[in-house]
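A short write-up of the structure that comes next.
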Amino acid sequence: MNQLRLGYLYGIGAYLIWGFFPIYLKLLRPAGPVEILAHRILWSVVFVALLLAATRHVAFLRTMARRPRTLAAIGLAAALIAVNWGTYIYGVNSARVVETALGYFINPLVSVLFGVFLLRERLRPAQWVALAVGTLAVAVIAVDYGRLPWLALTLAFSFAGYGLLKKRLALPAAEGLFVESAVLALPALAYLGWLTTRGGLTFGHVSAGHTALLVLAGAATAIPLLMFAGAANRLPLSTVGMLQYLAPILQLGCGVLIFHEPMPPARLAGFALVWLALMIFSADALRHTHRTRAAARHPVPAL
C-alpha cells in the first residue's frame with residue numbers, strides 16, 4: 001500500500017471515530033461529565049505510556065524534562081484540551097450534540113481569526129468573506145437559541161488555541177499526548193478520589209461493561225489522535241483540511257437522526273450559512289494551493 005493511500009485511510013479512520021464519538025459517550029452514563037473526563041485523561045496516560053514503552057521512545061521524556069519553557073507551553077495546551085474535552089462531554093450528555101457539531105464546523109474560521117490577531121497574518125479577500133458569513137451564522141443561531149451558542153464557541157476557541165500551540169511546539173503525536181495527559185493526571189486522580197469519598201464514583205459500581213468502557217476511553221482518545229498524525233504526515237495540508245469536516249457532519253447526523261435533537265428552520269439557516277462560509281474558505285484554500293504549486297513548477301525567469 002502506498003503512503004498516500006495509507007494517509008487517506010488514517011485520516012478517514014480518525015474522523016470516523018471522532019464523528020461517532022457521541023454514541024460512545026452516551027454509553028458511559030450514568031458517569032458524570034467530569035468523571036468521564038478524568039478517566040479519559042488517566043487511561044490515556046496508561047495507554048500511551050504502554051505504547052511508548054513498546055516502541056522504545058521513552059528517551060524523549062528525558063529531553064522534555066530539561067526544557068521548562070516547552071513544559072509550560074504543554075501545560076497550557078493540556079488546559080485547553082481539557083476544557084475542550086470537558087465541554088464536549090458535557091454537550092453530548094446534556095443532549096446538545098448538534099451544538100457541539102457547530103463548534104467543530106466553525107473551528108477552522110476561528111483558527112483563521114487567530115492567524116490574523118495573534119500571528120499577524122494577512123487574509124485574502126475570500127477569507128474575509130468567509131469570516132463575515134461565519135459571524136452572521138453565529139448571530140442567526142444565537143437569535144434562534146435566544147443566547148450565544150457558548151458551548152459551540154468554547155469548543156471552537158479552545159480547540160483552535162490548542163491547535164495553535166501544537167503547531168508552535170511541533171511535538172510527536174504520542175509523546176505530546178502523553179505529556180499533556182500526564183500534566184492533567186494528578187488533578188484527574190484527585191477528583192476521582194474526592195468523588196469516591198462522597199460515594200459518587202460510578203467506576204466499578206455500575207457493571208463490568210461500564211467499567212470496561214471507561215477504561216477504553218484512553219484508547220478511544222489516543223488512537224484517533226495517532227491516526228490523525230499519521231494522516232497529516234502523508235497527505236497535503238489542503239486534503240487534511242477537507243477531511244476534517246467529516247467529523248462534525250457525522251456528529252450532526254448523530255444529534256438529529258439518532259438522538260432526535262431539534263433542528264428548527266432558523267437553526268438550519270444558521271448551519272447553512274456556516275456551510276457556505278466553509279465552502280468559500282475551502283474553495284479559496286484549494287485555489288491558493290493550486291496556484292502555489294503551479295508557480296513552483298513553472299517559476300518566472302529572472303530578467
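A short reminder: the numbers here are calculations on the coordinates, not readings from a lab. None of these values were measured; they are calculated from a predicted model. Note that we place each Cβ from the backbone using ideal geometry, even for glycine, and neighbour counts take in every protein chain shown.
Tabulated values for the structure
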{"quantity": "Computed [θ] at 222 nm, helices only, for the chain once each DSSP H run of length n ≥ 4 contributes -39500 (n - 2.57)", "calculated": "-26500 deg cm²/dmol"}
{"quantity": "Dipole magnitude of the chain, debye to nearest 20 (Cβ charges: Lys/Arg +1, Asp/Glu -1, about Cα centre)", "calculated": "900 debye"}
{"quantity": "Kyte-Doolittle mean at least 0.0, axial Cα span of 27 Å or more - DSSP H helices of the chain", "calculated": "33-55, 68-93, 97-117, 125-145, 150-169, 173-197, 265-297"}
{"quantity": "Cleavage-rule hits (chymotrypsin sites (Phe, Trp or Tyr not before Pro)) in region 54-140: DSSP loop, at most 13 neighbouring Cβ within 10 angstrom", "calculated": "none"}
{"quantity": "Listed values (i) 18.3, 59; (ii) 21.7, 62; (iii) 20.5, 79, entry calculated as Rg and Dmax of the Cα atoms in Å", "calculated": "(iii)"}
{"quantity": "Local electrostatic count at Glu35 - Lys and Arg +1, Asp and Glu -1, tallied over other residues with Cβ under 15 Å", "calculated": "+4"}
{"quantity": "Cα centroid of region 226-296 to Cα centroid of region 137-185, whole Å", "calculated": "16 Å"}
{"quantity": "Selection of trypsin sites (Lys or Arg not before Pro), region 36-135, meeting DSSP coil and at most 14 other Cβ within 10 Å", "calculated": "Arg56, Arg66, Arg120, Arg122"}
